[in-house]
Amino acid sequence: MFHNRTPFQLALGGCLALATVMGIGRFVYTPILPWMLEEGRVTEVSAGLIASSNFIGYLLGAILASRSPLPGGAYRVFTVGLFLTAFTTLIMTVDGSTAYYSLIRFLSGLISAYVFVLASTLIIPRLHQLGRVNLTPVIFAGVGLGISLSSLFIELADGWVESSLTLWLISGIISFVLIGGVLWLFPAREAPMVRTNGAAASREPALPRVAYRLIIAYGFFGFGYVITATFLGALAATTPGLENFATRGWLLVGLAIMPSVFLWNSVALRIGYGRAIAVACLLEAVGVALSVLMPNLIGLSLAAILLGGTFVGITAIGLVEARRLAPESPRSIIGLMTAAFGLGQVIGPTFSGYLFEWTGSFTEASLVAAATLIIAALLTIKPFHAEALPAPSERREHA
């Protein structure tokens, strides 16, 4: 009962943690949104504002988690964050105003960012210690697992659930169940020591100029993916004959995410991380455009698969490329990338909500999003400096 956990068990614990705080905590809003719109709890404009509040919280949380002291230790903050994320999902069951929903989603985003950063800080170094860093993609697959699991439950509940409030309740209960799995698979004794004092870090070297090309591209990517990621269910719900596809489409997104983190890691090692990001952005642009240019079952299915098959993969290999470009300034480049990505996420839902109000559809906003993904691809397809390439040993380590 008290044996040390295997590397796979630790990675699976990280997978369930991300399933809780990302797959459900951040993204369950998408399949529940069509219900909230139909019930009149939100409008397209207020839905965008609520989504943007969540992304603002995530942006702030990611920045704070990388710089702030951790009272009681990293593992304790990680554990408390898991429970608070599940709690913020649960209290969405209150029939509240736009301001209330925005506040709760802001807090959920802030807390989930803390857990995401700490999961990476605690579990990935432990895998390094055990010589099994190749299991890292298992952790990121948790985003897809959470999306798939919550979507499946919402789909099954469609016949007997009459309110979106009940769907939030179910999602909160699932989150608490997953947390039990996290704490068993990744107990405190397996957590590596992490500095918790508030001493200022030494000043990092300035970033190389080429790094800003990746940072800007990451901002365009944040804007480009988030409109479809937020409103895919609403797109299906407002398309005649596809009303029942709203939840199933998001389920496809989740199923596509899980293998994609392994796929894009392999592609990046073959053609380079920057070019892999460019290819993934182009594929995602196709999916975003198809969601509005081919408003039928095939078009929305392809859009869901292409979205799920790229956006988590781009996030993962983008962070790897950042560390390759600025190995002496990891906090600086990751902080700027987080800020750029977060800014794109914040602008996207609000922009699309207001554009929907003016035009009556998501077509224009989605095409703008596709265009920004093409810009991101153009910014990353040109190879970065040769000196940023990893040594052969590093290539094997990430394989």
Sorted by average packing, counted as other Cβ atoms within 10 angstrom per residue and highest first, what order do 15-27, 208-220 take? 15-27, 208-220
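Applying 1/(1 + (r/R0)^6) with R0 = 35 Å to the Cβ-Cβ distance of Ile271 and Leu60, what FRET efficiency is obtained, to the nearest 0.05?
On the way: r = 35 Å, r/R0 = 0.99.
The computed FRET efficiency comes out at 0.50.
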The chain: calculated mean residue ellipticity at 222 nm from DSSP helix runs of at least 4, using -39500 (n - 2.57): -25500 deg cm²/dmol
By per-residue mean of other Cβ atoms within 10 Å, what is the highest-first order of 111-122, 240-251? 111-122, 240-251
Cα centroids of the stretch 1-57 and the stretch 237-316: how far apart, whole angstrom? 18 Å
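Exactly which GluC sites (Glu not before Pro) in the stretch 290-371 are in a DSSP loop and have at most 13 other Cβ atoms within 10 Å? Please list the in-between numbers first.
Values: sites: Glu321, Glu328, Glu357, Glu364; in loops: Glu328.
For GluC sites (Glu not before Pro) across the stretch 290-371 that sit outside H, G, I, E and B with at most 13 neighbouring Cβ atoms in 10 Å, the list reads Glu328.
With helices defined as uninterrupted DSSP H runs, which ones in the chain have an alpha carbon span along their own long axis of at least 20 Å and mean Kyte-Doolittle hydropathy of at least 0.0?
Details: long enough: 44-67 (35 Å, 1.07); 74-90 (24 Å, 1.34); 98-129 (46 Å, 1.06); 136-156 (31 Å, 1.67); 164-185 (32 Å, 2.09); 211-237 (40 Å, 1.47); 245-271 (36 Å, 1.28); 273-293 (30 Å, 1.77); 311-325 (21 Å, 1.16); 330-359 (42 Å, 0.68); 363-381 (27 Å, 1.96).
Long hydrophobic helices here: 44-67, 74-90, 98-129, 136-156, 164-185, 211-237, 245-271, 273-293, 311-325, 330-359, 363-381.
Please give the peptides 283-295, 266-278, 34-46 ranked by average Cβ packing (other Cβ atoms within 10 Å per residue), highest first, as a rough proxy for protection.
Working: 283-295: 22.6, 266-278: 20.4, 34-46: 18.0.
Result, highest mean first: 283-295, 266-278, 34-46.
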Here the tail fraction of P(r) beyond 19 Å, over all Cα-Cα pairs of the stretch 320-372, rounds in percent to 46 percent
Taking each pair of different alpha-carbon atoms in the chain once, compute 1/r for the pair, average those values, and report the inverse of that mean as the Kirkwood hydrodynamic radius in Å to one decimal. 21.0 Å
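Only the coordinates and a few stated rules stand behind these numbers; no lab work does. No experiment lies behind these values; they were computed from the predicted model shown. Positions of Cβ are generated from backbone atoms using ideal geometry, with glycine treated the same way; all protein chains shown enter the neighbour counts.
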